[in-house]
Every structure is written in C-alpha cells, then in structure tokens.
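First the structure, then my questions, so here it is.
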Amino acid sequence: PATWLLAARGLRLTALLGAGLNGLGAWLKCASLAPGRYPVTLAAQAVCAVAQVFILGLAPRVPSVWSGPTEVSTACAVAVLGNQLGTAIGFLLPPVLVPNTPNDIDLMAHNISIMFYGTAIVSTLLFFLTGVVFEEKPKYPPSHSQAVLQTMPHEDYSYKQSIINLFKNIPFVLLLISYGIMTGAFYSVSTLLNQMIVTHYEGEEVNAGRIGLTLVVAGMVGSIICGLWLDYTKTYKQTTLIVYILSFIGLLVFTFTLDLGYLIVVFVTGGVLGFFMTGYLPLGFEFAVEITYPESEGTSSGLLNASAQIFGIIFTLVQGKLTTDYSPRAGNLFLCAWIFVGIILTALIKSDLRRHNVNSGIMNLDVKAVPVDSPVEPENTTLKIQSAL
C-alpha cells in the first residue's frame, strides 16, 4: 500500500503519512509508561514499523524528482545516510539515556520516560517541518528523464500494470533477489550482533553497542562514497558487483576473526563490513531505477524493501538458530553462502541504463511520449518529447 500511495498520490502525502505515523507511534509509547501496559508498547512499535515503509521508499524517489543527472546518485546516498544516521543514534543514545540500574527500578522508569517523551517531541517537530517545507516537485524538471515522465498522462498510470512490467523485467528480478539477500544479511548481522559479541566476549554489552555504531557509521561513509562514484562514472553494474564481492570478503574476514580474543579486531572488521554492506543500499536503489525506467522509482524501491524484509526475517531466524545451537561462525557461514549466490545473480544482470540513456540523448524506443501537436515521424525515430526546459 505504501508503494502504491507513493506512485499514485505523490511524495508529499507519503512523507506526511510516514512522519505523522512515526509521531503517533512515539506518543503511544509515552502512553505505555506503566508496568501493565506492555501490549500498548507493542502496538506503538507496530505503528512506527508501518511508518517506516512510507519513509524508506522516499530514498530513491526524492532524488529522481528533485536532482539532476549528475547528482541523483549522491542525493540517493544522502537519503540512505539519513536512515542510517537514525540507526546510529539508536545504537548510541538509549544506553546513555537509560543506563542499566537493576537496583533502582524507579530511576530506570524515569529514564525511559525521558527517552520516550524526547523521541515523541522530536518526531512531532519533524512532522510539522515536513508539512511546512516538503513540496511535491520542483517548478521545472531537473533532468531530461523527468521531463519525459511529466509529459505522460497521469490517468494512464496503472499500479497493477507497473508491478507486472517489473516482474517481466528479468534484470530487475535478478536484482530484486540479490538486493534482498545482501540487505537481509545486513539486517540479520545487525540484529544478532550483540549475541555474537557476547558469546565470545562475556560482559562486553557496551562494546557490542559501540561495534554496532561503528558498523553503521562506516556504512554511512560507504553510502556517500558509492553515491559520488556512481554520479562520476555511471558504472552501475560494475560498482554493484564489486561492492557485493567486497561485502562477501568482509563477512568472511569478520567470521574467522570474531573469536580471536581481540575486540579491536572486531571493531575494524565490523567497520569494514558495514562500509560495504551499507554502501550497497544506494547502489541497489539507483541500479533498479536505471533498469526499470520509466516505471515509478517508488514501486521498484518498494519491492526491493519488501524483498529485503522477507530475506531479513528468514536470515535472522535461521542465523539465530545456528548461532544458539552451534556457534556464531555457523550462522555467519550460512549468510556467506547466500551472499555468494547473490554475487552470481548480480553478475547475470544485464546493464540496460534506460534513464541514463534518455538523459544522455541516447534514446530508448521503449520509452515514448509523443505530444499531440508534433508531426508523426518514422518508426525508427528517436524519442519525441515536449518539455518546458
């Protein structure tokens, strides 16, 4: 539903719903501040989880609508960085705001209330800011590809047909699976990181949180570098495949150095792993937009996010079971095997950069927008557009 809303109703409404639901969930958490209200906490978390799907789909869509062809990948990377920044704050602040005080439950309750009310106030402020400053689209299209899309009658858009078109697009299907594998593996590692660290380094819960923070912050740097590189080179498939291979190597190194007994090694290998695995996120979004143009960026990114969630749930359950019954190494090797499959699938993707071709004047005959006042030209002619540029 969030993907349909983004494609059919636009950026502003989707952003307002995401920010509004996030604020609502935060205030519901404030209403759960009592020992007997745990179901209210779960309901509040569910509302925040629903809000997330509206926000995640904006990462590739906003840059495509607002950014020119030489900056769109960097803008997408910055959007992904924003998501990761929130995760980094989530690793950093809760242990500071709510230190472990098992002998003083009243103090712990007071600290939790400060965290909940603080989150609710910030979320509400972001909702109002979204309402004030967030616009649907710029006055003039920032790129040739956006100008083409804006000439297409909106009433001709069919969400169902768009989904069908995407699943008929073999390169996108391969990317859908490989993106789900990589991002699902990242979700699983992030979720089980504390358990893996504590297994080999008993009593190091605080450092486990710091390693998680290192993983996310390194990933933020990786996202920006990958975005800048894409804008500079437009080598979508090559960059995606290289980062995939380096993520595989990074996870192997992390797996076989985790039990050496040196936390500093885990910090370094975790940072390297996060750099490449999170750096892959904007690559996947942007590659999908290129090979599926002129389909909506929100639809392709929504499917990618759904794939990531499905693989993330399966990987977390299986890796958690392997880690508990055998060892963290067994769980990580399970993920390595799947990432190797993802490398093969990525190598099979045909790199048809449709959006880039339109922006470069290398026209794609699959994309046509013929104005009614233009003369009819031969069948093999280039793309015909009417633009205010």
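The values are calculated or read from the model by the stated rules, or taken from the named source; none is laboratory data. Predicted, not measured: the structure shown is a model, and the values here were computed from it. Here Cβ is always computed from backbone atoms with ideal geometry, including for glycine, and neighbour counts include all displayed protein chains. When the accessible area is computed, the model is the full protein with side chains, heavy atoms only, and any ligands, DNA or RNA have been set aside. Shrake-Rupley method; radii C 1.70, N 1.55, O 1.52, S 1.80 Å.
How far is helix 236-257 tilted, in degrees, relative to the longest principal axis of the Cα atoms in the chain, given as a value from 0 to 90 rounded to the nearest 10?
10 degrees
To the nearest 10 square angstrom, what accessible area does residue 27 show with a 1.4 Å probe?
110 Å²
How big is the charge dipole of the chain about its Cα centre, in debye rounded to the nearest 20, if each Lys and Arg gets +1 on its Cβ and each Asp and Glu gets -1 on its Cβ?
Its charge dipole is roughly 280 debye.
Considering the convex hull of the alpha carbon atoms of the stretch 1-141, report its projected area averaged over all viewing directions, in nm², one decimal. Mind showing how you got there, number by number?
Numbers: hull surface 37.8 nm².
Across all orientations, the stretch 1-141 yields a mean hull projection of 9.5 nm².
Largest first, what is the accessible-area ranking of 248, 128 with a 1.4 Å probe?
Numbers: 248 40, 128 130 Å².
The ranking, largest first, comes out as 128, 248.
Still on this structure, please answer the following. Considering the dipole of the chain built from charges on the beta carbon (Lys and Arg +1, Asp and Glu -1) around the Cα centre, which of 284, 92, 319 is farthest to its positive end?
284
Any idea what % of Cα-Cα pairs in the stretch 166-360 are farther than 30 Å? Could the numbers behind the result be given before it?
Values: 3863 of 18915 pairs.
The calculated P(r) of the stretch 166-360 puts 20 percent of pairs beyond 30 Å.
Could you pull the accessible area for residue 262 with a 1.4 Å probe, rounded to 10 Å²?
Here the accessible area works out near 140 Å².
Is there a quick way to get the dipole size of the stretch 166-360? I mean about its Cα centre, with the Cβ of Lys and Arg at +1 and of Asp and Glu at -1; what is the value in debye to the nearest 20? Intermediate values should be presented prior to the final figure.
Details: 9 positive and 11 negative charges, 93 e Å.
Its charge dipole is roughly 440 debye.
Work from the charge dipole of the stretch 1-109 (Cβ charges, +1 for Lys and Arg, -1 for Asp and Glu, about the Cα centre) and give the residue of 58, 8, 28 farthest towards its positive end.
8
Let me ask something additional. Using a 7 Å offset from the Cα along the Cα-to-Cβ direction at both residue 42 and residue 135, what is the distance between the two label points in nm, to one decimal?
Placing both labels 7 Å along Cα→Cβ, they lie 4.6 nm apart.
To the nearest 20 debye, what is the magnitude of the charge dipole of the stretch 1-137 about its Cα centre, counting +1 on the Cβ of each Lys and Arg and -1 on the Cβ of each Asp and Glu? Working shown, then result.
Numbers: 6 positive and 5 negative charges, 66 e Å.
With only Lys, Arg, Asp and Glu charged at Cβ, the dipole is about 320 debye.
Pairing the Cα long axis of helix 263-292 with the longest principal axis of the chain, what angle in degrees results, from 0 to 90 and rounded to the nearest 10?
Tilt of helix 263-292: around 20 degrees.
Something else now. With a 1.4 Å probe and all protein chains kept in place, how much accessible area does residue 106 have, in Å² rounded to the nearest 10?
About 120 Å², rounded to the nearest 10.
Could I ask something else about it? Counting other Cβ atoms within 10 Å, keep those with at most 10, restrict to DSSP loop, and tell me which GluC sites (Glu not before Pro) in the stretch 187-256 are left.
Values: sites: 202, 204, 205; in loops: 202, 204.
Counting only loop positions with at most 10 other Cβ atoms within 10 Å, the GluC sites (Glu not before Pro) in the stretch 187-256 are 202.
Same structure, new question: How far apart, in nm, are two points set 7 Å out from the Cα along the Cα-to-Cβ line at residue 344 and at residue 114?
5.4 nm
Right, another one. Restricting to Cα pairs below 8 Å that are 6+ residues apart, what does the relative contact order work out to for the stretch 166-360? Please round to a whole percent.
Working: 277 pairs, mean separation 77.8, N = 195.
Averaging sequence separation for qualifying contacts and normalising by length gives 40 percent for the stretch 166-360.
Whole-Å semi-axes of the chain's equivalent ellipsoid, largest first, each the root of 5 times a Cα gyration tensor eigenvalue? Write down the numbers at each step before the final one.
Working: eigenvalues 311, 141, 54 Å².
Rounded to whole Å, the semi-axes are 39, 27, 16.
For the stretch 196-304, report the translational diffusion coefficient in µm²/s to the nearest whole number, using Stokes-Einstein at 25 °C, 0.890 mPa s, and a Kirkwood Rh over Cα pairs. Intermediate results must be reported in sequence, preceding the final value.
Details: Rh = 15.1 Å.
Rounded to a whole number, D works out at 163 µm²/s.
Could you rank 229, 66 by how accessible they are, 1.4 Å probe, largest area first?
Numbers: 229 125, 66 95 Å².
I get 229, 66, largest accessible area first.
Mean separation of Cα pairs under 8 Å and 6+ residues apart, divided by the residue count of the stretch 79-238: what relative contact order is that in percent?
Details: 56 pairs, mean separation 63.8, N = 160.
Relative contact order for the stretch 79-238 comes out at 40 percent.
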